[in-house]
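Q: For reference, the structure I am asking about is given below.
The values are calculated or read from the model by the stated rules, or taken from the named source; none is laboratory data. Just so you know, these numbers come straight off a predicted model, no measurement behind them. Heads up, the Cβs are rebuilt from the backbone with ideal geometry, glycines too, and the neighbour counts pull from every protein chain shown. For accessibility, only protein heavy atoms count, side chains too; no ligands or nucleic acids. Shrake-Rupley method; radii C 1.70, N 1.55, O 1.52, S 1.80 Å.
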Amino acid sequence: MSTSTATRENAVVHQGKHWIEHWEPENETFWEETGKKVARRNLWFSVLAEHIGFSVWTLWSVIVLFMGKDYGFDAADKFLLVSTPTLIGGLMRLPYTFAVAKFGGRNWTVVSALLLLIPTILAAVVLHPGTSLGTFLLVAALGGVGGGNFASSMTNINTFYPEKHKGWALGLNAGGGNLGVAAIQLVGLLVIGTAGATAPRIVLYVYIPLIVIAAVCAYRYMDNLATVRSDTKAMRQVVKDPHTWVMSFLYVGTFGSFIGYSFAFGLVLQNQFGRTPLQAAAVTFLGPLLGSLARPAGGWLSDRIGGGKVTFATFVGMALATVVLILASTSKSLTLFTIAFIVLFVLTGVGNGSTYKMIPAIFRAKARTAIANGAEEAAELLKARRLSGALIGLAGAIGAEGGLFINLAFRQSFADTKSGVPAFIGFLVFYGLCFAVTWAVYLRKPAEQPSERGLALAGAEV
């Protein structure tokens, strides 16, 4: 093969403006010469749009801190209010996953960013005492579109990176997006600390121009990959794989906990420890912030010692932190409670990174099995990227609903006992199930290990 021919084959071939026809990230020459630069550019602007999406999704975790007695809502009403966008955000993740394949990652990032304007502007219109709970629930539900951004962003970035860099790239993409939770809570803290607890619209006025900036940047600087443009069968294929449901279950435990606690932390501090809006806001951002920063670390650790091992250790740590939360609640120790809750946030971040590292590794391992049995390499690697992208979207949707269950559990717990202890006991049992499942499926050494399952197990440990 001539040098000129090799150069042409290793170049990014565009099919129309912003459409990339040729994309071969597992080819090291292609990756080092061209792919890495393009992938990183798309990653940074994907993070920006996803970051704003998370902020809009978790907007109501901040808004409820502004809702004093003049709004007429009790603790149960407020937990219901923050549960609503969690539910809708999880449901939106499935169509958002399909949207990347149908419209292109760059195109959908533009559209999904602009959609964030709807709930943000409507919230500014209805946000005042006297508005009915039903109206607030409707507007909060529209904020769920911000939760969908995660699925499309992760599915898109998964297709840009080679297997050996997926843990880092997906962790950074998700961690940067998750930081949107801490960012909007920091904005809320600044508003409460300067303008007071009666000026929630300032938070919205900050985010409206940021949404426009994210959409414009995606329009100008991101790309679509034609190799995944017409993929409509991946989801039907992936739901038949047993690993799909195992990984979705584990993601309920990691991401479901992260997003559920992000919505609930401030309300728990207010209702269990009598914190004022300013006192609650001064602490609530720390958990999502550190949890978001820990997510890339979870991916990085998994790249080196194995996703299954990191996930198992994470769930054990989450169970122990939950025990401390129960002890702190019963002894009414605010300091111990706050520290344990923040540690729990960090562990959810690590687990988010490790579980998402496991997903592409499983399908990559299955591709290696097929290639070893004579299948065409390029086709199998593309199939692995398609299926892992579909599972990332599906697991993200199911995992997000874990946040709904957490807030509903807190709502019932406070309604019945004026305490979060019964909810924490339920979470403790669930985390025990999670580390048992992780050990049984991905760490236990079976007596007989069929080739595909064995490779899948090994892949999960990459």
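Q: Can you report the number of residues in segment 109-132 which are touching a Phe, Trp or Tyr at 6+ places or on another chain (Cβ under 6 Å), open to solvent by 20 Å² or more (accessible area, probe 1.4 Å) and at pLDDT 95 or above? Quick ask: steps written out before the conclusion?
A: To start, the set of residues in segment 109-132 that are touching a Phe, Trp or Tyr at 6+ places or on another chain (Cβ under 6 Å) comprises 110, 120, 129.
Now drop any that are not open to solvent by 20 Å² or more (accessible area, probe 1.4 Å), which leaves 110, 129.
Narrowing further to those that are at pLDDT 95 or above: 110.
Summing the residues that are touching a Phe, Trp or Tyr at 6+ places or on another chain (Cβ under 6 Å), open to solvent by 20 Å² or more (accessible area, probe 1.4 Å) and at pLDDT 95 or above in segment 109-132 gives 1.
Q: Under 8 Å by Cβ, and 6 or more places apart or on different chains, what pairs join a residue from segment 196-217 that is open to solvent by 50 Å² or more (accessible area, probe 1.4 Å) with one that is in a loop (DSSP other than H, G, I, E, B)?
A: Taking only residues 6 or more apart or on different chains, the pairs are Thr198/Gly68; Arg201/Leu127; Ile202/Ala195.
Q: Continuing with the same structure: In segment 158-175, is there at least one residue being modelled with pLDDT under 90 and basic (Lys, Arg)?
A: Yes.
Q: Something else about it: Kindly provide the set of residues from segment 210-228 that are among the small types (Gly, Ala, Ser) and within 13 Å of Asn42 (Cβ to Cβ), ordered by number. Step through it out loud before you land on a result.
A: To start, the set of residues in segment 210-228 that are among the small types (Gly, Ala, Ser) comprises 214-215, 218, 226.
Residue satisfying the conditions is Ala218 alone.
Q: Here's something else I'd like to know. Check Phe312, Phe265, Phe255, Phe285 and return the single one that is farther than 30 Å from Gly144 by Cβ and within 23 Å of the chain's Cα centre (by Cα). Let's see the steps before the verdict.
A: Values: Phe265 fails: farther than 30 Å from Gly144 by Cβ; Phe255 fails: farther than 30 Å from Gly144 by Cβ; Phe285 fails: farther than 30 Å from Gly144 by Cβ.
Unique residue meeting the criteria: Phe312.
Q: Also, quick follow-up: Listed residues Thr254, Thr227; which is touching a helix residue (DSSP H, G or I) at 6+ places or on another chain (Cβ under 6 Å), open to solvent by less than 60 Å² (accessible area, probe 1.4 Å) and not aromatic (Phe, Trp, Tyr)? Step through it out loud before you land on a result.
A: Values: Thr227 fails: touching a helix residue (DSSP H, G or I) at 6+ places or on another chain (Cβ under 6 Å).
So the residue among Thr254, Thr227 that is touching a helix residue (DSSP H, G or I) at 6+ places or on another chain (Cβ under 6 Å), open to solvent by less than 60 Å² (accessible area, probe 1.4 Å) and not aromatic (Phe, Trp, Tyr) is Thr254.
Q: Test of understanding: among Ser331, Ser292, which residue is within 30 Å of Arg385 (Cβ to Cβ) and either surrounded by 24 or more Cβ atoms within 10 Å (Cβ to Cβ) or modelled with pLDDT of 90 or more (or both)?
A: Working: Ser331 fails: within 30 Å of Arg385 (Cβ to Cβ).
From the options Ser331, Ser292, the qualifying one is Ser292.
Q: If you don't mind, there's one more thing I want to ask. Mind listing whichever residues of segment 78-108 are assigned to a helix (DSSP H, G or I), open to solvent by less than 20 Å² (accessible area, probe 1.4 Å) and not aliphatic (A, V, I, L, M)? Walk me through how you get there before you give the answer.
A: Step one: filter segment 78-108 for residues assigned to a helix (DSSP H, G or I), giving 78-103, 105-108.
Still in the list and also open to solvent by less than 20 Å² (accessible area, probe 1.4 Å): 79, 81-83, 85-86, 89-90, 93, 96-97, 99-101, 105.
Of everything in segment 78-108, those that are assigned to a helix (DSSP H, G or I), open to solvent by less than 20 Å² (accessible area, probe 1.4 Å) and not aliphatic (A, V, I, L, M) turn out to be Phe79, Ser83, Pro85, Thr86, Gly89, Gly90, Arg93, Tyr96, Thr97, Gly105.
Q: Residue by residue through segment 389-439, note down the ones that are of a type in the set (Ser, Thr, Tyr) and outside any helix (DSSP H, G or I).
A: Within segment 389-439, just Ser419 meets the criteria.
Q: What number of residues within segment 360-375 are part of a helix (DSSP H, G or I), open to solvent by 30 Å² or more (accessible area, probe 1.4 Å) and not aliphatic (A, V, I, L, M)? Before you say what the answer is, go through the steps one by one.
A: Taking segment 360-375 first, the residues part of a helix (DSSP H, G or I) are 360-372.
Cutting the leftovers down to open to solvent by 30 Å² or more (accessible area, probe 1.4 Å) gives us 364, 366, 368, 371-372.
Checking which are not aliphatic (A, V, I, L, M) leaves us with 364, 366, 368.
Adding up the residues that qualify gives 3.
Q: State whether one or more residues within segment 345-359 are farther than 28 Å from Val421 by Cα, touching a residue at least 24 places away in the same chain (Cβ under 8 Å), open to solvent by less than 10 Å² (accessible area, probe 1.4 Å) and not in a helix (DSSP H, G or I).
A: Looking for residues that are farther than 28 Å from Val421 by Cα, touching a residue at least 24 places away in the same chain (Cβ under 8 Å), open to solvent by less than 10 Å² (accessible area, probe 1.4 Å) and not in a helix (DSSP H, G or I), one finds none in segment 345-359, hence no.
Q: Only residues that are within 30 Å of Leu269 (Cα to Cα) and open to solvent by 10 Å² or more (accessible area, probe 1.4 Å): list them for segment 376-405, please.
A: Across segment 376-405, the qualifying residues are Ile398, Glu401, Leu404, Phe405.
Q: Any residue at all in segment 263-271 that's open to solvent by 10 Å² or more (accessible area, probe 1.4 Å), over 14 Å from Gly403 (Cβ atoms), touching a residue at least 12 places away in the same chain (Cβ under 8 Å) and in contact with a helix residue (DSSP H, G or I) (Cβ under 7 Å, 6 or more places away or on another chain)? Show your work before the answer.
A: Here is the first cut: in segment 263-271, the residues open to solvent by 10 Å² or more (accessible area, probe 1.4 Å) are 270-271.
Now restrict to residues that are over 14 Å from Gly403 (Cβ atoms): 270-271.
Pick out the ones that are also touching a residue at least 12 places away in the same chain (Cβ under 8 Å) and you get 270-271.
From what's left, in contact with a helix residue (DSSP H, G or I) (Cβ under 7 Å, 6 or more places away or on another chain): 270-271.
Yes, the conditions are met somewhere in segment 263-271.
Q: Ok, one more. For segment 403-414, indicate whether the set of residues that are basic (Lys, Arg) and under 30 Å from Phe79 (Cβ atoms) is non-empty. Talk me through it step by step, then tell me what you get.
A: Just the residues of segment 403-414 that are basic (Lys, Arg), to begin with: 411.
Applying the additional criterion that residues be under 30 Å from Phe79 (Cβ atoms) yields 411.
Looking through segment 403-414, at least one residue is basic (Lys, Arg) and under 30 Å from Phe79 (Cβ atoms).
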